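The next block holds one structure in the form of structure tokens; read it before the comments.
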Amino acid sequence: MFRPLFAAALSAPFLFAAAPLAAQDRVFVSGQDALVAYDLATGQELARFATPGVSADIVMLETGHLLLNHRDGHAVVVVDANTLNEVARFPSSTLGGTRPVHAYLSPPLQGRRVVVITNDGDESRTPPGTPAADSSALFVDATPGSPTFLRPLGEVRLGTGHHKLAFAPDRARAVVSNIGDCAAVLQVVDFADPTEPRVVAALDAAGIGLTGPTPAHPGARPCHPRGGQAGVRPAPHGTATDPLTGRAWHNLNGMGAFVSLDSRAEAPAFRLLPATRGWGGAAIAAHPTAGFAYAPQFAPREGDARSRGVACQVGQVALLDARADRVAAELPILADGPDCTRSLAGTPEAGLRTGYATLVADTLFLPLATLGAATTRSHGVAVVDVSVPNEPRQLPTIRVGAHTGHRDNAITGDGRWLIVPNNVDATISVIDTARREVVRSFPVVAMPNRVAVFGASGASRPSGPMPVAP
């Protein structure tokens, strides 16, 4: 049984102005050493919460309660977006899990919801072939009115992190990826009793063909969690579930392939799809009604040694067909849009790559991130028209502020605004999703990382639940 961890807030936020009406949209930006609330319309700073170091994912509940993974504090911070008060701060694990990064909100199941906090641990401290002692998933009650609302319920150990997660549409199942593990590349966790979550199935390296040299296949390579000359690193990273069929996908970054499974099945069967031309990836966006999903990959890219693309190419989108269970197409993504022919070689944009994916109505937004040195720069959000779901078509790229490294985004609850952080400029850009253009930008906390919104537009859409039809 899990020990109670709920604690009172450590300190009240420093208010910069009288709190506006609760209906007003507030954007919360996590950056270096602080989580800061701003008026989305004016950019005025409203409140600041101390989070020394770096934080990661934010989940915003419909009640206005925000859960922030304070990665460097190994804690979860809970803030009431209505009152701008910190209401709790508790450890992200009692099983030795550390460094909470991603967080996911489950679909409602029999009137209950949970937030799942995944603790990545430190992969370098886990010798290959040894079970991780610092990777876990913490389940937190997200059911308003529950006597344990916003309190931890239970926890389960995972394979070696980093982790991402996809839920089944209508049963208490989650498929979790372990980026540094060969014995448990993926795990299926049952949380019908969230106080005692348990692993009920796992995919090992043999299940994706990484068996090493055998008499029948002397050229086969083994799995190795670090990759390189020692073997192949599967590196699952990026996942989604189709709400119609229940088919879940995980992107095997290191192999350029996807694993699919029926998330509803009592005994899930994992299936490795044929490899694409690409590799890498960080997210998958599922269409709410069409049975397709869109999976950005880092390559082919211009100048890439492993999968060379055309001039200006910064990756591709793999089109996943849930009913046929296959990769149906691969759409090149160019830095400036479909007509871009300029070379990125020798420029700060040479490290551009696709990253996260956000689907709003018939438009897929891909905030461009970067690979490599911190001197690389991204100034764009790639845009794909999916009005014909099985024929995605790239549109002109939206120009935003300067950024390096991975890049987050948040969509307001009404779908009207896409919020994109720019960590080099220390600003955020607000994009009108219908007009596909920036309507305002304003300065925020240093090194903005994650964003979330609450107010008149509702709660910004969190990671995890099944997409719903507009």
Give segment 221-254 a look and list any residue that's among the hydroxyl-bearing types (Ser, Thr, Tyr), farther than 19 Å from Leu158 by Cα and either touching a Pro at 6+ places or on another chain (Cβ under 8 Å) or crowded, with 22+ Cβ neighbours inside 10 Å (or both), or say none. Thr241
Segment 62-73 - residue that is surrounded by fewer than 19 Cβ atoms within 10 Å (Cβ to Cβ) and touching a Gly at 6+ places or on another chain (Cβ under 9 Å) and, of those, farthest from Ser460 (Cα to Cα): Asp72
Out of the residues in segment 341-358 that are part of a loop (DSSP other than H, G, I, E, B) and touching a residue at least 40 places away in the same chain (Cβ under 8 Å), which is surrounded by the most Cβ atoms within 10 Å (Cβ to Cβ)? Gly355
Cys182 passes all but one of (1) over 23 Å from Met466 (Cβ atoms); (2) assigned to a strand (DSSP E or B); which number fails? (2)
Residues in segment 103-113: is at least one among the aliphatic types (A, V, I, L, M) and assigned to a loop (DSSP other than H, G, I, E, B)? no
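This table checks each residue for (1) at pLDDT below 95; (2) outside any strand (DSSP E or B).
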| position | (1), (2) |
| --- | --- |
| Phe6 | yes, yes |
| Ala9 | yes, yes |
| Ala23 | yes, yes |
| Val36 | no, no |
| Phe49 | no, no |
| Ser55 | no, yes |
Could you figure out which of (1) in a strand (DSSP E or B); (2) on the phi < 0 side of the Ramachandran plot isn't true of Gly315? (2)
Filter segment 90-115 for residues that are in contact with a Ser or Thr (Cβ under 7 Å, 6 or more places away or on another chain), of a type in the set (Val, Ile, Thr) and closer than 20 Å to Ser55 by Cβ and give the result. Val101
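Under the condition of being acidic (Asp, Glu) and closer than 21 Å to Phe90 by Cβ, which residue from segment 30-61 is surrounded by the most Cβ atoms within 10 Å (Cβ to Cβ)? Working first, answer last.
Step one: of segment 30-61, the residues acidic (Asp, Glu) are 33, 39, 45, 57.
Okay, now just the ones that are also closer than 21 Å to Phe90 by Cβ, so 33, 57.
On the way: Asp33: 16, Asp57: 23.
Ranking the candidates gives Asp57 first.
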Of the conditions (1) on the phi > 0 side of the Ramachandran plot; (2) under 21 Å from the mean Cα position of the chain (by Cα), the single one that Gly145 does not satisfy is (2)
Residue satisfying all of: in segment 130-187; basic (Lys, Arg) and surrounded by 22 or more Cβ atoms within 10 Å (Cβ to Cβ); farthest from Thr289 (Cα to Cα) among these: Lys164
Pick from segment 185-200, criterion of a type in the set (D, E, K, R) and in a loop (DSSP other than H, G, I, E, B), ranking: nearest to Thr241 (Cα to Cα): Asp193
Go through segment 434-470 residue by residue and tally those that are closer than 29 Å to Ile117 by Cα and part of a loop (DSSP other than H, G, I, E, B). 19
Complete set of residues in segment 359-388 that are under 21 Å from Ser463 (Cβ atoms) and not in a strand (DSSP E or B): Ala361, Leu368, Val386
Could you list, in sequence order, the residues of segment 255-275 that are of a type in the set (A, V, I, L, M, F, W, C) and buried (at least 22 other Cβ atoms within 10 Å of the Cβ)? Phe258, Val259, Leu261
Of everything in segment 278-305, what is over 18 Å from the mean Cα position of the chain (by Cα), within 16 Å of His237 (Cβ to Cβ) and assigned to a loop (DSSP other than H, G, I, E, B)? Give them in sequence order. Gly278
What about Arg440, is it surrounded by fewer than 18 Cβ atoms within 10 Å (Cβ to Cβ), among the charged types (D, E, K, R) and either within 30 Å of Ser260 (Cβ to Cβ) or under 21 Å from the mean Cα position of the chain (by Cα) (or both)? no
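Please state which one of Thr211, Thr245 is in contact (Cβ under 8 Å) with a residue 60 or more places away in the chain and either touching a Gly at 6+ places or on another chain (Cβ under 7 Å) or of a type in the set (Ser, Thr, Tyr) (or both). Spell out the reasoning first.
Numbers: Thr211 fails: in contact (Cβ under 8 Å) with a residue 60 or more places away in the chain.
Residue meeting the stated conditions: Thr245.
The values are calculated or read from the model by the stated rules, or taken from the named source; none is laboratory data. Fair warning: this is a prediction, and the values are worked out from it, not measured in the lab. Quick reminder, even Gly has a Cβ in these numbers, built from the backbone with ideal geometry, and neighbours come from all protein chains shown.
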